[in-house]
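The values are calculated or read from the model by the stated rules, or taken from the named source; none is laboratory data. The structure presented is a predicted model; accordingly, all values stated were derived computationally and were not measured. Neighbour counts are summed over all protein chains in view; Cβ atoms, including those assigned to glycine, are modelled from backbone coordinates with ideal geometry. Note: areas computed on protein heavy atoms with side chains; ligands, DNA, RNA excluded. Shrake-Rupley method; radii C 1.70, N 1.55, O 1.52, S 1.80 Å.
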Amino acid sequence: MGGERGGGRRERVVVFTGAGVSAESGLKTFRDAGGLWEGYRVEEVATPEAFERDPELVLKFYNERRRKVLEAQPNEAHRAIARLEERFDVVVITQNIDDLHERAGSTRVIHIHGEILKARCVGPCQHVLEWRKDIRIGDRCPSGYRLRPHVVWFGEPVLHWEEAEQAVRGADRVLVVGTSLVVYPAALLPFLAPEDSEKIVVDPGEPSLPGGVRVVHIRERATVGVPQVVEAWLAGKSVNFG
Ligand code: APR
């Protein structure tokens, strides 16, 4: 019976997502045509050096993205992923900085690249504050240090790595949705799952899959492919889309 392990423990499902799961909510991906990196050079807006050199440009870039996230709604893929919790022990590990998984109802979401609706200070106090409005150049934490988006920039360590790795190493099933798998170390995570875990990728494009790993690749948009997988798993079936 799908979903049960020995001793009645629920099977662990890890869902690993990237920008593609939020594309149909109207949030741009990074590397597709017209993507976020087309309007900007990464070095200008997504590195600690950029923030030192031109904090106003960096704050402007993330203020624009925060407003888009607040305007966006979860889509059928986010909602289907949340439904997995009816039968499975689900951990969502996302590279996305939006809160669409949470708004769709997922209760355990690990944001390894940070969260746009939080701000953090640059001081030793390392405040992390809920922050749903623009960050302005003069905004300070309670101890008086400058604020920046709570987002992982290139060259910075990912967040919650140990928790994410532990979650995936115990996975019975892995569902990878909407990521090109080109940014490390994040891209390693889904494939740290046990050899015999069922691995499904939902992506209309061609993510950079590691060799030698048996995966089923469903070449569909997230709002089409993810509900298919979720309904099969909730019905106790495995997925073998040809
Ligand atoms: N449904 C599913 N997948 C989609 C859809 C869709 N509607 N549209 C695009 N995709 C896929 C693309 O085929 C691609 O594989 O989503 C993926 C988007 O890849 P990227 O733009 O590289 O986004 P992501 O993998 O999340 O980037 C990883 O890079 O820039 C950094 O920190 C940033 O977290 C980000 C990381």
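Taking the criterion of being over 15 Å from Ala19 (Cβ atoms), in contact with a helix residue (DSSP H, G or I) (Cβ under 8 Å, 6 or more places away or on another chain) and without any contact (Cβ under 8 Å) to a residue 60 or more places away in the chain, the residues of segment 80-105 that qualify are Ala82, Arg103, Ala104, Gly105. When the residues of segment 199-242 are filtered to those that are charged (D, E, K, R) and part of a loop (DSSP other than H, G, I, E, B), the one that is most open to solvent (accessible area, probe 1.4 Å) is Arg214. Of all residues assigned to segment 122-129, none qualifies as being buried (at least 22 other Cβ atoms within 10 Å of the Cβ) and either among the small types (Gly, Ala, Ser) or under 18 Å from the mean Cα position of the chain (by Cα) (or both). In segment 59-73, the count of residues that are outside any helix (DSSP H, G or I), surrounded by fewer than 20 Cβ atoms within 10 Å (Cβ to Cβ) and modelled with pLDDT of 95 or more is one or more.
Entry remark, segment 169-184: residues being surrounded by 22 or more Cβ atoms within 10 Å (Cβ to Cβ) and away from the ligand (no atom under 16 Å from the Cβ) number 2 in total.
How many residues does segment 14-35 contain that are open to solvent by 30 Å² or more (accessible area, probe 1.4 Å) and of a type outside the set (D, E, K, R)? Looking only at that region, the number is 5. Whether any residue in segment 78-99 is open to solvent by less than 20 Å² (accessible area, probe 1.4 Å) and at pLDDT below 95 is what I want to check. Within segment 78-99, none of the residues are open to solvent by less than 20 Å² (accessible area, probe 1.4 Å) and at pLDDT below 95.
Given the structure, is Gly105 among the small types (Gly, Ala, Ser), open to solvent by 20 Å² or more (accessible area, probe 1.4 Å) and under 30 Å from Arg12 (Cα atoms)? Taking the combined requirement at face value, the residue satisfies it. Only residues that are over 30 Å from Pro185 (Cβ atoms) and either assigned to a loop (DSSP other than H, G, I, E, B) or open to solvent by less than 80 Å² (accessible area, probe 1.4 Å) (or both) were counted across segment 131-161, and they come to 9.
With the structure loaded, tell me whether Ala187 is assigned to a helix (DSSP H, G or I), of a type in the set (Gly, Ala, Ser) and surrounded by 13 or more Cβ atoms within 10 Å (Cβ to Cβ) or whether it fails that test. Yes, satisfied. Name every residue in segment 26-58 that is away from the ligand (no atom under 15 Å from the Cβ) and part of a loop (DSSP other than H, G, I, E, B), in order of residue number. Correct list: Asp54 only. Here the condition is being more than 15 Å from the ligand (Cβ to nearest atom) and free of Cβ contacts under 8 Å to residues at least 12 places away in the same chain; of Gly123, Gly138, it holds for Gly138 alone.
If the condition is being closer than 24 Å to Lys118 by Cα and in contact with a strand residue (DSSP E or B) (Cβ under 6 Å, 6 or more places away or on another chain), then segment 69-88 contributes Val69, Ile81.
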